[in-house]
Structure formats: C-alpha cells, structure tokens
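Single-structure report; data block below.
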Ligand SMILES: [Fe+2]
C-alpha cells in the first residue's frame, strides 16, 4: 500500500505542475498538448485510485465506521471534481487561449477544486489508509 500511495502522491505533484503550466500559457501558445497530457494523467490517476485506494477503502468501510465516513465524504467530493474536470476538458480540448475568453477563470476554478481534492487525499485519506493497514498487520 505504501508504494501505491507514493506513486499517487507523485502523480498529484505532476497534476499540480501541469495546472501551473496551463496557467502560464499565454495567447498564441497551443493548449492542445498540455490539456491532453493533463486529461490523460487525471483519467489514469482516477482509475488507479479507484482500484488501488477506493477498492480497499470500500472493504474497510464494512469493518469500520470511520472508514465508512471517509468513503462517503470522499466519494461525493470525487464525483464533483471528476465532472468538473470532464466539462473543462470537453470545453477546451483542441483550442488555444486566444480563442477562449473564459479560459483563465475556468482554469482557476478547476485548479482550486483539484488542489483541494489532492490536499484532502494527501492530508487525510492516505495517512488514514496507511495507519489502518498497519493495524491490520
Ligand atoms: Fe488523487
């Protein structure tokens, strides 16, 4: 589990770097490759988390009310972030900032949601899972 968490933390860092790179793009820069990279990373990250983190968390939720509460809180928030990201990617895929008046505003909004989600996972969810795993050994 600790290797999985470490990989996920590294992906969080890469997602934040990609968001910063998008923020730094100026008019005339092609958005396409950065958007595609970020979308690909987020889709694979969320899939990995679903199998490797939320799968075990769902099992723990049957044993622990604390895990069940985490699962409920995490699931609602994750769906909200996923839908926001899909809307953003659909809107801006294949475009350049010069074509997109709302781009900066939409990026800031999405970036805030993603960073809050990452913070929740890094600060609460991952330590909870690691600690729970230790108690089971
Ligand atoms: Fe994550």
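Simple spin-label model, 7 Å along Cα-to-Cβ: residue 108 to residue 95 in nm? It works out to 1.7 nm between the two label points. Model label sites at residue 64 and residue 134, defined 7 Å from Cα along the beta-carbon direction, differ in position by 1.2 nm.
Each label was represented as a point 7 Å from its Cα along the Cα-to-Cβ direction; for residue 123 and residue 40 these points are 3.2 nm apart. Per residue, the convex hull around the alpha carbon atoms of the chain comes to 91 Å³.
Read-outs throughout are calculated quantities, based only on the coordinates presented, and are distinct from any laboratory measurement. This one's a predicted model, so the numbers in the text were calculated from it and none came from an experiment. With ideal geometry, Cβ positions are generated from the backbone for all residues, glycine too; neighbour counts draw on all protein chains shown.
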